[in-house]
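Colleague: Supplied in structure tokens, the structure appears directly below.
The values are calculated or read from the model by the stated rules, or taken from the named source; none is laboratory data. Everything numeric in this text was worked out from a predicted model, so none of it was measured. Note: ideal-geometry Cβ built from the backbone for every residue, glycine included; neighbour counts use all protein chains shown.
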Amino acid sequence: MTKTLALLLVSLSFVLACDEPPPPAAGALRGVGVAARPADDARTLEGFCDVHHASGAGPSFTPPPGATPTTGSGPRWLNVWATWCAPCVEELPRMARFRETLVGEGTNVEVTYVSADANDAAIEAFRRRHPATPEGGRVPELAQLQAWLPSVGLDTGAPLPVHVFVGADGKVRCARAGGIDDDDLDAVRAALR
């Protein structure tokens, strides 16, 4: 019994010494969100965006495979989400409220949703349980999403949700990997100018 107890204590001390979760498998898309940024930094555009470009200076925006084509010529907001991503699902109603506020202020932003789910059946089942879920496309293959992420300045392992803000000129203004909070409306507003 003493050997068993000693082995258990050694195992427990090893587990307690590991303060970080194991890294995702090679090539895996992380979907657990990212740690929140400090509140004072998150409200500035530079703190909000992982990649920020001055107006007209960013790359031309090309939507990911499977995205529903846009029809407007104003600012655009692309959201890559998944039904299995808790931060993604949590922010969907917030995004709708943000869009309503922005439109009420005169910024007619077009929001496009693109799912990273493995198949359409998962999205359809989710929409049956949550009818307010916005319509949108689905990236057909994870590899296609990973190949697209660098085009907006994010690395191939960027966590979901992903937000890309595009100016009326069709240039990427801001790319963010990670969720948005209620305090981020001013940063979203600035990213769309």
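Colleague: Looking at this structure, is Glu91 within 11 Å of the chain's Cα centre (by Cα) and either among the hydrophobic types (A, V, I, L, M, F, W, C) or more than 18 Å from Leu145 (Cα to Cα) (or both)?
Modeller: Spelling it out, Glu91 is indeed within 11 Å of the chain's Cα centre (by Cα) and either among the hydrophobic types (A, V, I, L, M, F, W, C) or more than 18 Å from Leu145 (Cα to Cα) (or both).
Colleague: Can you tell me how many residues in region 95-124 are touching a residue at least 24 places away in the same chain (Cβ under 8 Å), part of a helix (DSSP H, G or I) and surrounded by fewer than 16 Cβ atoms within 10 Å (Cβ to Cβ)?
Modeller: Count: 3.
Colleague: Also, I was wondering about something else. Does Ala168 count as surrounded by fewer than 23 Cβ atoms within 10 Å (Cβ to Cβ) and assigned to a helix (DSSP H, G or I)?
Modeller: For Ala168, the condition - surrounded by fewer than 23 Cβ atoms within 10 Å (Cβ to Cβ) and assigned to a helix (DSSP H, G or I) - is not met.
Colleague: List the residue pairs whose Cβ atoms are under 9 Å apart, where the first residue sits in region 178-190 and is in contact (Cβ under 8 Å) with a residue 24 or more places away in the chain and among the acidic types (Asp, Glu), the second is surrounded by fewer than 18 Cβ atoms within 10 Å (Cβ to Cβ) and assigned to a loop (DSSP other than H, G, I, E, B), and the two are 6 or more positions apart or on different chains.
Modeller: Asp181/Ala36; Asp183/Arg43; Asp184/Arg43; Asp186/Arg43; Asp186/Thr44
Colleague: Could you list all residues from region 144-193 that are out of contact with any Cys (no Cβ under 9 Å at 6 or more places or on another chain), small (Gly, Ala, Ser) and within 17 Å of Leu92 (Cα to Cα)?
Modeller: Ala177, Gly178
Colleague: Only residues that are under 14 Å from Val89 (Cα atoms) and β-branched (Val, Ile, Thr): list them for region 120-143, please.
Modeller: Across region 120-143, the qualifying residues are Ile123, Thr133.
Colleague: Go through region 88-108 and count every residue that is at pLDDT 95 or above and in contact with a Leu (Cβ under 8 Å, 6 or more places away or on another chain).
Modeller: 4
Colleague: Is it the case that some residue within region 69-84 is hydrophobic (A, V, I, L, M, F, W, C) and either assigned to a helix (DSSP H, G or I) or out of contact with any helix residue (DSSP H, G or I) (no Cβ under 9 Å at 6 or more places or on another chain) (or both)?
Modeller: No, there is no match, as no residue in region 69-84 is hydrophobic (A, V, I, L, M, F, W, C) and either assigned to a helix (DSSP H, G or I) or out of contact with any helix residue (DSSP H, G or I) (no Cβ under 9 Å at 6 or more places or on another chain) (or both).
Colleague: Between Pro131, Pro150, Pro161, which is buried (at least 18 other Cβ atoms within 10 Å of the Cβ) and either without any contact (Cβ under 8 Å) to a residue 40 or more places away in the chain or within 20 Å of Phe48 (Cα to Cα) (or both)?
Modeller: Result of the check over Pro131, Pro150, Pro161: Pro161.
Colleague: Applying the selection to region 163-183, what residues are farther than 20 Å from Gly74 by Cβ and out of contact with any Lys or Arg (no Cβ under 7 Å at 6 or more places or on another chain)?
Modeller: Once the filter is applied, which keeps residues that are farther than 20 Å from Gly74 by Cβ and out of contact with any Lys or Arg (no Cβ under 7 Å at 6 or more places or on another chain), region 163-183 yields Ala177, Gly178, Gly179, Asp181.
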